[in-house]
Amino acid sequence: MRKLTYFIACSIDGFIGDPGGDATSMVRFVDEEFFGFLKAEYPETLPTHGRQALGVDDLQNKKFDTVIQGRASYDLALKEGVTSPYAHLREYVASRTLKESPDPNVEIIGDDLVAKVRELKAEDSDFGIYLCGGSQLAGELFDEIDELVIKTYPLVYGAGMRMFGSDFALTEFALDSVRTFDNGVLVRTYSRKR
Ligand SMILES: NC(=O)c1ccc[n+]([C@@H]2O[C@H](COP(=O)([O-])OP(=O)(O)OC[C@H]3O[C@@H](n4cnc5c(N)ncnc54)[C@H](OP(=O)(O)O)[C@@H]3O)[C@@H](O)[C@H]2O)c1
């Protein structure tokens, strides 16, 4: 079984965006050191339009070959006219309202999301699956998540969009690694204890 990894940016108090979900206040922490880390370790998590703008579109995937997004997160790209925000990955968008995919590289998952994710996890591949968010999708897929990679930015939001749009349930994860950056960013990797 390959892993489903929720790779997510959040505030110190665990919010992935402001109450409307906007996470742009975190972007200023992507400085030279942190961008170097992303390029070296997780280049495929940089969206295609960003990779092109930064001249790094030729970077090889390191951890993932597949991405899953919720429709609301995908909408952010669509609003910019981008129909395939992760063109270097196989893209899946969960939606019951989008009946037709706007792009040949994007497959819509309308029914039985969990079954589809289990099918993808059962594929034979050295690469994992990148769960890109947002909150609602991560909540729906919580039981399927094997790994968390949490980028914590040195900001307190006070209120905002939760990391998981799910109900209270205590679940233990084991800390695998912690990496700190000079600007106060922290990246923690956790595995689910099964
Ligand atoms: N900080 C970060 O790293 C980060 C990363 C990603 C996203 N975000 C933020 O997250 C926000 C969006 O999160 P969100 O929680 O509002 O929405 P979301 O999880 O991105 O998308 C929710 C939508 O996904 C579809 N969906 C959810 N569960 C489904 C299921 N079981 N089967 C089929 N479709 C399903 C539904 O689409 P339909 O309504 O079309 O049926 C639902 O409305 C954005 O504002 C973005 O900025 C932050």
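Return yes or no: is A9 hydrophobic (A, V, I, L, M, F, W, C) and within 11 Å of the ligand (Cβ to nearest atom)? Give the derivation first.
Working: hydrophobic (A, V, I, L, M, F, W, C): yes; within 11 Å of the ligand (Cβ to nearest atom): yes.
Yes; evaluated as a whole, the condition is true for this residue.
If you check N105, N61 for being more than 22 Å from V187 (Cβ to Cβ), more than 16 Å from the ligand (Cβ to nearest atom) and either touching a residue at least 60 places away in the same chain (Cβ under 8 Å) or surrounded by fewer than 17 Cβ atoms within 10 Å (Cβ to Cβ) (or both), only one passes: N105. The single residue among G70, G110, G139 that is touching a residue at least 60 places away in the same chain (Cβ under 8 Å) and within 9 Å of the ligand (Cβ to nearest atom) turns out to be G70. Scanning segment 111-124 finds one or more residues that are at positive phi, of a type in the set (D, E) and surrounded by fewer than 12 Cβ atoms within 10 Å (Cβ to Cβ).
Looking at this structure, is V149 within 16 Å of the ligand (Cβ to nearest atom), closer than 24 Å to L38 by Cα, exposed (fewer than 14 other Cβ atoms within 10 Å of the Cβ) and at pLDDT 95 or above? So V149 fails the test. Among the residues of segment 114-136, those identified as over 14 Å from T66 (Cβ atoms) and in contact (Cβ under 8 Å) with a residue 12 or more places away in the chain are V114, G133, G134, S135, Q136.
Exactly one residue among K99, K116 is in a loop (DSSP other than H, G, I, E, B) and either under 21 Å from T152 (Cβ atoms) or within 14 Å of the ligand (Cβ to nearest atom) (or both), and that residue is K99.
The values are calculated or read from the model by the stated rules, or taken from the named source; none is laboratory data. Please read these numbers as outputs of a predicted model, since none were measured by experiment. All Cβ positions, even for glycine, are placed from backbone atoms using ideal geometry, and neighbour counts span all protein chains on display.
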